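Report on the structure given below.
Coordinate-derived values only; no laboratory data. Since the structure is predicted, the reported quantities are computational estimates derived from the model, not experimental observations. No Cβ is skipped: glycine too gets one built from the backbone with ideal geometry, and neighbour counts run over all protein chains shown.
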Amino acid sequence: MQEPELDIPAVRRGRRSWQKLLEGEGLLQLPAAHDALTAKLIERAGFPAYQVGGFALVGARYGRPDVDLEHFGEKNRAVQDVIDGCALPVLVDGDDGYGDAKNVTRTVRGYEALGASAIFLEDQTAPKRCGHMAGKSVIPRKDMVAKIRAAVSARQNDDTFILARTDAIAPEGVESAIARAQAYLDAGAHGAYVEGPISVQQLERVGKALHDAPLATSVLERGGVTPWLSPEDFRQMGFSMILYPTSVLFQIARASARALANLRAGRPLDPDASIDMQAFEDLVDLPQWAKIESVFPVGQD
C-alpha cells in the first residue's frame, strides 16, 4: 500500500551549502532568530538564510546580556529549538569555542549535528562579550589560528562553513584586524568576519584588503558602532554577509512592552498591531499537523 504524500513540516531536508548559497546570492542579509517562531517569520519574509546569534539568544531566552554567562551547554539546546523550526540554511554563533581546541571541536561537531550550515568563531579573550561593547581584548593570533585549524578539522561534513571572526579593531586597530583575518583564512577558514568597523573608511579598508574571500561584518541598529549602509553599498565594498543581531529583537521588545502596557491599562487588542488566530495557526503549521492526524488516526473507533 502506497502511503499518501503529506506536507510534513520537517526541517532537516537538504539545506543548501553555505558556499553555494553565497555563490548564488552574492550578498546575504542575515537577521537573527532567537526562537523558532522568529526563524519561521524570517523564512516567510523571503530571506534565503539567517543566523542564530548569541546576543539575541541569551537576551530573549535568559534575559541576560551577552557577556559570556552562557556557554555551549546552555546554548546548544536553544540553537536546536531554533533550527528545528526552519528549513533555511543557518549561521550559528560559536562564540570563542568555549575553551581550547577540545572545546572548539565539541562546539563545531555539536552545532553541525544540529543542522548548522555555517559556524563562526571569534578571537576574543574570555570572558567574551558582544562585539559592539567596549572593553574587548583578543587572544594571541597563533592561538586563534590553532582554534581555526581545529574547527576545520572537526567538521564531519565538508560543506560546513567555518567563518573566522576577529574583534581586533577596538583593541589593536584595523590593520591588525585585517592581518588576523588573513591569517585565519590562511589557516583554513572559509570566510572572514571583521567585527566593529566604526566608519565607512574602515569598512572600505577591510573590504579592499579581504575582498578575495567571503567577508562578513555586523550592524547593530540603535547603539552599535558600525554605520548603517544599504546592502548594495556593503556589496560594492567587498562584503558578502551582513549580520543584523538586533534589528528584529529590539522591535519585538518594544512591541511586547506596548502590548503589556495596553493590557495592564485594560485596552483591547489592536487588530492593526496583531495577527489573528487563523494566521498564527498557519504560521505554526497547524494545517499540516492536522492532516497527519486525520490520515493516520490513532485511538479512534
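Pairs of Cα atoms under 8 Å, at least six residues apart: use those to get the relative contact order of region 18-253, whole percent. Could you put the intermediate results ahead of the total?
Numbers: 470 pairs, mean separation 48.3, N = 236.
Rounded, it is 20 percent for region 18-253.
Based on Cα coordinates alone, diagonalise the gyration tensor for region 19-97, multiply each eigenvalue by 5, take square roots, and list the semi-axes in whole Å, largest first. Before the final figure, lay out the partial values.
Values: eigenvalues 102, 38, 22 Å².
Over the Cα atoms of region 19-97, the semi-axes work out to 23, 14, 10 Å.
Need the C-alpha centroid separation for region 143-184 versus region 33-55, integer Å.
24 Å
Given H placed 1.01 Å from N in the peptide plane, which residues other than close sequence neighbours of L220 have an amide H under 5 Å from its amide H?
Answer set, sorted by chain and number: V225, T226.
Using all C-alpha to C-alpha distances in region 137-272, build P(r) with 10 Å bins and read off the rounded percent in each one.
That works out to 12, 34, 26, 14, 10, 5, 0, in percent per bin.
Considering only Cα-Cα distances, which of the following residue pairs are longer than 32 Å: K136/K208; K102/K208; K20/K147; K20/K102? Before the final figure, lay out the partial values.
Numbers: K136/K208 25 Å; K102/K208 34 Å; K20/K147 25 Å; K20/K102 29 Å.
Violating the 32 Å limit, Cα to Cα: K102/K208.
Evaluate the Kirkwood expression for the hydrodynamic radius of region 215-259, namely the inverse of the mean inverse distance over all pairs of different C-alpha atoms, and round to one decimal in Å. Before the final figure, lay out each step's value.
Working: mean 1/r = 0.0860 Å⁻¹.
Over region 215-259, the inverse of the mean reciprocal pair distance is 11.6 Å.
If you find the alpha carbon centre of region 66-131 and of region 191-263, how far apart are they in angstrom?
19 Å
Using the Cα centre of region 18-253 as origin and beta-carbon charges of +1 (Lys, Arg) and -1 (Asp, Glu), tell me which of Q156, W18, I169 is placed farthest towards the positive end of the dipole.
Toward the positive end, the furthest listed residue is Q156.
Mind checking which of R222, R141, R155 has the largest fluctuation in a GNM of the chain, springs on alpha carbons under 10 Å?
R222
If we sort 275-281, 175-181 on the protection proxy, mean other Cβ atoms within 10 Å, highest first, what's the order?
On the way: 275-281: 10.3, 175-181: 20.3.
Packing order, densest peptide first, comes out as 175-181, 275-281.
Using a 10 angstrom cutoff on alpha carbons, build the Gaussian network for the chain and name the most mobile of A134, A146, A273.
Evaluated over the chain, the most mobile residue of the options is A273.
Give the Rg (one decimal place) followed by the Dmax (whole number) of region 153-231, computed from C-alpha coordinates and expressed in Å.
My reading of the Cα-based Rg and Dmax gives 13.1, 39 Å.
Rank T38, L91, P140 by how far each Cα sits towards the positive end of the charge dipole of the chain (+1 on Lys, Arg Cβ; -1 on Asp, Glu Cβ) and give me just the farthest.
P140
Add -39500 (n - 2.57) for each DSSP H run of 4 or more in the chain, then divide by its residues: what number comes out at 222 nm, to the nearest 500 deg cm²/dmol?
On the way: 13 runs with 136 residues, N = 301.
Taking each H run of at least 4 residues, the total per residue is -13500 deg cm²/dmol.
Quote the charge dipole size of the chain about the Cα centre in Debye, to the nearest 20; the model charges only the Cβ of Lys and Arg (+1) and of Asp and Glu (-1).
Working: 33 positive and 41 negative charges, 167 e Å.
Here the chain has a charge dipole of around 800 debye.
Anyone know which of S218, S247, S256 comes out most mobile in the 10 Å Cα GNM of the chain?
S256
State, to one decimal in nm², a quarter of the convex hull surface area for the C-alpha atoms of the chain, i.e. the direction-averaged projected area. Spell out each step's value before the answer.
Numbers: hull surface 77.6 nm².
With every direction weighted equally, the projected area is 19.4 nm².
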